[in-house]
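Data first, discussion second: the structure below is written as structure tokens.
Derivation of every value follows stated rules applied to the coordinates shown; laboratory data play no part. These figures come from a predicted structure and were not determined experimentally. Neighbour counts are summed over all protein chains in view; Cβ atoms, including those assigned to glycine, are modelled from backbone coordinates with ideal geometry.
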Amino acid sequence: MEVHIISPEGDVFQGTADAAFLPGTLGGFEVLDGHAPLVSTLGKGRVLIRRAAGFSDARMREDLAPQGEGTELSLEVSSGVAQTSEGRLTVLID
């Protein structure tokens with residue numbers, strides 16, 4: 001699925017992912033490709049993006065770096081909103 005994470009300062013991440021874990025205000029949840037349309041508020045926590053093939057073709061903020069074997073990206077958020085639709089996840093964060 002295509003993932004686009006945006007902050008007030010601009011684009012944070014844009015690329016393809018196999019899965020995304022998000023800190024919903026009512027509890028964490030996972031989004032996979034083909035997820036049903038969804039809009040959710042986010043609370044304080046960690047956004048985790050996974051892609052088995054790595055992120056060499058993704059665009060990301062300079063301070064983000066893949067972790068582990070290069071298949072995970074993680075960033076802390078204080079709040080935000082996430083929306084899924086037609087194979088795309090858009091996340092607006094503070």
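Points to keep in mind about this one:
- Phe55 vs. criteria surrounded by 14 or more Cβ atoms within 10 Å (Cβ to Cβ) and either among the charged types (D, E, K, R) or not in a strand (DSSP E or B) (or both): yes
- The single condition from (1) part of a loop (DSSP other than H, G, I, E, B); (2) in contact (Cβ under 8 Å) with a residue 12 or more places away in the chain; (3) surrounded by fewer than 16 Cβ atoms within 10 Å (Cβ to Cβ) that Leu64 fails is (3).
- Applying a threshold of 7 Å to beta carbon distances and a minimum spacing of six or more residues, or different chains, the list of pairs starting in the range 9-32 at a residue that is within 15 Å of Ser79 (Cβ to Cβ) and ending at one that is surrounded by 14 or more Cβ atoms within 10 Å (Cβ to Cβ) and of a type in the set (S, T, N, Q) reads Gly24/Ser40.
- The residues in the range 67-94 that are touching a residue at least 60 places away in the same chain (Cβ under 8 Å), closer than 15 Å to Met1 by Cα and surrounded by fewer than 14 Cβ atoms within 10 Å (Cβ to Cβ) can be counted, and the count is 2.
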